[in-house]
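To keep things clear, I will list the structure first and then write my remarks on it.
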Amino acid sequence: PPPTPLLITLIVVLAVKAYTGRGTPLRGGLPSGHAALAFAGWVAATYAAGDSHRFLTSTIALIMALLVAQTRVESGIHSAVEVTFGALIGALATLVVFQVFA
């Protein structure tokens with residue numbers, strides 16, 4: 001079976017956090033794991049949705065991912081750069097998994 005996109009995203013996030021040395025694996029730092037998983041969920045939901053509901057599903061999932069990212073910045077846990085980097089990691093890792101294994 002193909003690897004789970006969320007698991008791949010989590011592994012990449014932990015590896016980048018270990019490499020950059022910013023924050024701890026579960027709190028703060030570069031990149032935002034919450035944002036990465038939220039945006040991975042957005043891409044996965046978009047791929048999993050049926051053709052007739054893809055736009056609506058993708059829009060709702062994107063809004064939810066953006067809200068997760070916003071709360072991480074507003075709470076002071078992450079900067080906008082850390083959240084953006086996490087979002088890119090999550091979206092791209094999930095996109096690659098779906099392109100390679102779908």
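The values are calculated or read from the model by the stated rules, or taken from the named source; none is laboratory data. Bear in mind the structure is a predicted one, so any value in this text is a computation, not a measurement. Side chains are part of the model used for accessible areas, which takes the heavy atoms of the whole protein and leaves out ligands, DNA and RNA. Shrake-Rupley method; radii C 1.70, N 1.55, O 1.52, S 1.80 Å.
With just the Cα atoms defining each centre, how far is segment 1-52 from segment 77-94? Give it in Å.
Using only Cα atoms, the two centres lie 8 Å from each other.
On a 0 to 90 degree scale, rounded to 10, what angle separates helix 54-74 from the longest Cα axis of the chain?
Roughly 10 degrees between the two axes.
Measure nothing but the geometry: give the 0 to 90° angle between the long axis through the Cα atoms of 5-20 and the longest principal axis through the Cα atoms of the chain, rounded to 10°.
Rounded to the nearest ten degrees, it is 20.
How many Å² of accessible area per residue for segment 1-54, probe 1.4 Å?
Numbers: 3160 Å² over 54 residues.
Heavy-atom accessible area per residue stands at 58 Å².
Helix-only estimate, please: 222 nm mean residue ellipticity of the chain, summing -39500 (n - 2.57) across DSSP H runs of length 4 or more and dividing by its residues, to the nearest 500. Write out the running numbers ahead of the final one.
Details: 4 runs with 75 residues, N = 102.
Theoretical 222 nm ellipticity from helices: -25000 deg cm²/dmol.
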